[in-house]
Amino acid sequence: MKPNFWKRTGFYALVAFIVLQAIFPFYYAVLTSLESGQALFEVNYLPKKLDLSNYAGMLSQGVFGKQILNSVFVATVVVIISLFLAVTASFALARIRFRGRGLLLLTVLSVSMFPQIAVLSGLFEVIRFFNLFNSLWSLIFSYMIFTLPFTVWVLTTFMRSLPIEIEEAAIMDGASSFTIIRKVFLPLMWPAMVTTGLLAFIHAWNEFLFALTFLSTDGQRTVPVAIAMISGSSEFEVPWGNIMAASVIVTLPLVGLVLIFQRKIVSGLTAGAVKG
Amino acid sequence: MTGTTTQSRLSRNRTRSAWLFLAPMLVTLAIVAAWPLGRTIWFSFTDASLDMMNEARWVGIRNYLEYVSWGDGQGAYYGVLADARWWRSVWNTVMFSVVSVSFETLFGLVIALVLNQSFKGRGIVRAAVLIPWAIPTIVSAKMWAWMMHDQFGILNDMFETVGLISKPIAWTASPDTAMIAVLIVDIWKTTPFMALLILAGLQMVPRDMYEATKLDGIPAFRVFRKVTLPLIMPAVLVAVVFRTLDALRVFDLVYVLTPNTDATRTMSVYARENLFDYDQFAYGSAASTLLFLVIALITIGFIMATRMDLEGENS
């Protein structure tokens with residue numbers, strides 16, 4: 001009985017530590033965001049009062065609201081475009097046999113290994129060429145470099161796992177490939193599409209390097225860059241309360257998504273990687 | 001007879017539609033990836049600057065390495081490869097990657113083993129573990145910068161209470177601890193990803209395997225070493241490679257948490273500084289190209305070593 005008791009206590013202590021280290025920094029950010037004035041500079045482990053002035057301060061600056069909308073717009077459009085391009089492409093890669101298929105998939109996969117910095121100077125030129133500098137479309141366009149390979153890869157693996165029989169009847173009826181995608185595959189693919197869409201959304205929402213480089217005015221910025229650029233008039237006047245309030249605002253939706261779609265996100269993250 | 005001709009016409013039709021379906025994606029990838037990469041490499045051999053990209057002229061490998069003779073038998077080397085700051089950033093990047101990936105693998109393995117047990121509230125624990133992964137890197141950097149604040153930071157307060165340190169540490173500002181600060185935040189943020197990948201590998205180990213060892217009364221640690229570890233090794237290796245490639249291009253965390261210090265500057269940060277802050281566009285492109293080469297070599301090595309099943313023949 002005794003060794004079992006200690007074993008179980010030890011196990012739950014480990015579990016408690018894992019949970020604590022995972023959520024404490026975010027908890028502390030929430031706590032700090034609710035403090036202002038002198039309270040900010042005392043180390044507290046538990047909330048003392050609810051002071052929403054940091055939130056009011058951030059949201060009353062119209063520009064932060066605009067920046068949130070920028071992020072929502074960019075991430076949503078990125079998800080829609082990359083899913084649309086990836087569904088048709090992965091149908092071809094998964095269900096049609098043709099020469100060079102493996103090489104093609106390899107090429108797509110290797111693009112996802114590209115360091116973003118390696119394309120930065122070339123992409124900067126392309127974006128200036130299309131006159132997209134300081135436009136949100138520059139981000140939507142450039143984010144394809146990491147969302148597309150990933151979505152194509154996961155959807156292709158998913159489509160391959162479906163049995164051949166499901167499209168046989170449709171082929172016999174002489175349905176076109178596009179009809180087959182629309183009528184046969186799309187209804188089956190919703191789970192995989194929700195997963196990849198979520199991951200693409202989170203990735204686009206968090207991206208920093210391109211957003212830092214291709215946008216130049218406050219009103220156009222997305223939230224990660226906006227938060228990185230909040231600063232006081234001197235090194236000693238960094239508005240930590242405001243920064244934490246902004247951080248909580250942009251992170252809460254993501255934490256919500258993770259809690260709701262936990263299973264889907266886990267399966268999306270591990271798809272492809274484990275199968276390889 | 002007619003059967004085979006319709007068959008082949010059908011498959012020819014399908015092949016044609018395959019390329020039609022692939023075209024939009026391929027064109028997009030060509031414009032956002034292949035072409036810019038080619039241009040970056042081209043710029044690295046020119047004298048391009050931010051304002052004069054179109055008039056860029058070929059200058060050979062001058063941005064990489066050039067010996068300039070001063071005429072009196074003496075001279076000096078210039079270029080990225082002769083820049084001590086570049087080599088410092090290479091060292092920082094390699095150090096960062098090795099240390100962070102090692103710790104992430106170790107902690108990820110522990111968390112995965114815990115999550116693989118069945119206990120009450122496992123779902124909640126798994127959700128909690130995912131939170132650091134979901135938080136944007138910039139937000140993590142700011143949250144930890146505040147926790148690591150030299151005067152008002154909670155981390156110093158904790159360590160002082162426990163007695164680990166006697167006086168507050170300026171985690172991010174001091175060159176001695178800046179890299180440690182970056183590593184702490186990265187390990188905290190990325191361990192969940194590692195844990196999930198390893199957990200997926202663990203869940204593919206058949207349950208009967210454990211039942212058998214339990215009946216034979218083999219100690220748990222031996223079971224782990226002799227049975228579990230060899231079985232999940234492929235999953236762990238894939239996770240390690242993915243993470244290493246990711247760690248080698250680290251940018252946001254370093255740029256925001258510890259700006260402008262030799263102690264943490266990585267290859268990506270070095271390249272970006274030269275490209276846009278110092279107006280050394282061609283020189284920065286050369287640094288980008290070198291980073292690309294390093295990552296490409298590792299990727300190719302990985303694909304060859306694992307002989308991935310790309311044609312889908314075995315599925």
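Numbers below:
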{"quantity": "Max mean-square fluctuation residue, GNM over chain A, Cα-Cα springs under 10 Å, options A:76, A:213, A:107", "calculated": "A:107"}
{"quantity": "Segment residue B:68-residue B:212, length gained on full extension (0.36 nm per residue, minus Cα span)", "calculated": "44.7 nm"}
{"quantity": "Selection from B:171, B:92, B:247 lying farthest towards where the dipole of segment B:84-279 points positive, charges on Cβ", "calculated": "B:247"}
{"quantity": "Proxy reagent accessibility, fewest Cβ within 10 Å first, across A:173, B:47", "calculated": "A:173, B:47"}
{"quantity": "Karplus (6.51, -1.76, 1.60) ³J(HN,Hα), θ = phi - 60°, over segment A:96-104, in Hz, Gly and Pro reported as x", "calculated": "10, 8, 8, 5, x, 5, x, 4, 5"}
{"quantity": "Set of lysines with alpha-carbon distance to residue A:48 below 30 Å, sequence-local pairs under 8 removed", "calculated": "B:142, B:167, B:189"}
{"quantity": "Exposure proxy order (Cβ contacts within 10 Å, fewest to most) of A:203, B:149", "calculated": "A:203, B:149"}
{"quantity": "23 Å Cα-Cα reach of residue A:7 towards lysines, excluding residues that sit fewer than 8 places from it in its own chain", "calculated": "B:120, B:214, B:226"}
{"quantity": "Length-normalised contact order of segment A:61-270 in % [C-alpha pairs under 8 Å, at least 6 apart]", "calculated": "34"}
{"quantity": "Those aspartates and glutamates that a straight Cα-Cα span of less than 15 Å connects to residue A:183, excepting residues fewer than 8 apart in one chain", "calculated": "A:165, A:167, A:168, A:173"}
{"quantity": "Equivalent ellipsoid dimensions for segment A:110-155 as semi-axes, Å, which come from the Cα gyration tensor, largest first", "calculated": "21, 13, 6"}
{"quantity": "Proxy reagent accessibility, fewest Cβ within 10 Å first, across A:168, B:273", "calculated": "A:168, B:273"}
{"quantity": "Cα gyration tensor category, rounded, prolate or oblate, for chain A with a/c compared to 1.5", "calculated": "oblate"}
{"quantity": "Residues residue B:91 and residue B:117, FRET efficiency given R0 of 51 Å [Cβ-Cβ distance, rounded to 0.05]", "calculated": "0.80"}
{"quantity": "Spread of Cα-to-Cα distances over 5 Å intervals beginning at zero, given as percent, for segment B:182-315", "calculated": "2, 8, 13, 14, 15, 13, 11, 9, 6, 4, 3, 2, 1, 0"}
{"quantity": "Residue among A:14, A:50, A:136 with the largest mean-square fluctuation in a Gaussian network model of chain A, springs linking Cα atoms under 10 Å", "calculated": "A:14"}
{"quantity": "Helix-derived mean residue ellipticity, 222 nm - over the protein assembly as shown, DSSP H n ≥ 4, -39500 (n - 2.57), to 500", "calculated": "-22000 deg cm²/dmol"}
{"quantity": "Convex hull projection area averaged over all views, segment A:1-51, Cα basis, nm²", "calculated": "4.6"}
{"quantity": "Built amide H within the under 5 Å cut-off of residue B:46, gap 5+", "calculated": "B:59"}
{"quantity": "Principal axes of segment B:84-279: Cα extent on each, largest first, Å", "calculated": "65, 40, 26"}
{"quantity": "Hz values of 3J(HN,Hα) by residue in segment A:47-63 - Karplus curve (6.51, -1.76, 1.60), Gly and Pro given as x", "calculated": "x, 9, 8, 9, 10, 8, 5, 5, 5, 4, x, 5, 6, 7, 6, x, 5"}
{"quantity": "Translational D in µm²/s for the protein assembly as shown (Stokes-Einstein at 4 °C, 1.567 mPa s, Kirkwood Rh from C-alpha pairs)", "calculated": "49"}
{"quantity": "Test item: B:231-239 mean partner chain Cβ contacts at 10 Å", "calculated": "2"}
{"quantity": "Most mobile listed residue (B:203, B:151, B:74) in chain B, GNM with C-alpha springs under 10 Å", "calculated": "B:74"}
{"quantity": "Vicinal HN-Hα couplings computed from phi for segment B:295-301 (Karplus, 6.51 cos²θ - 1.76 cosθ + 1.60; Hz; Gly/Pro x)", "calculated": "5, 4, 4, 5, 4, 4, x"}
{"quantity": "10 Å Cβ neighbours from other chains, averaged over peptide B:121-134", "calculated": "6"}
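Rule-based calculations on the coordinates, nothing more; no lab input. Since we're looking at a predicted model, the values are computed, not measured. Cβ sites come from the backbone with ideal geometry, for glycine too, and all protein chains shown count toward neighbours.
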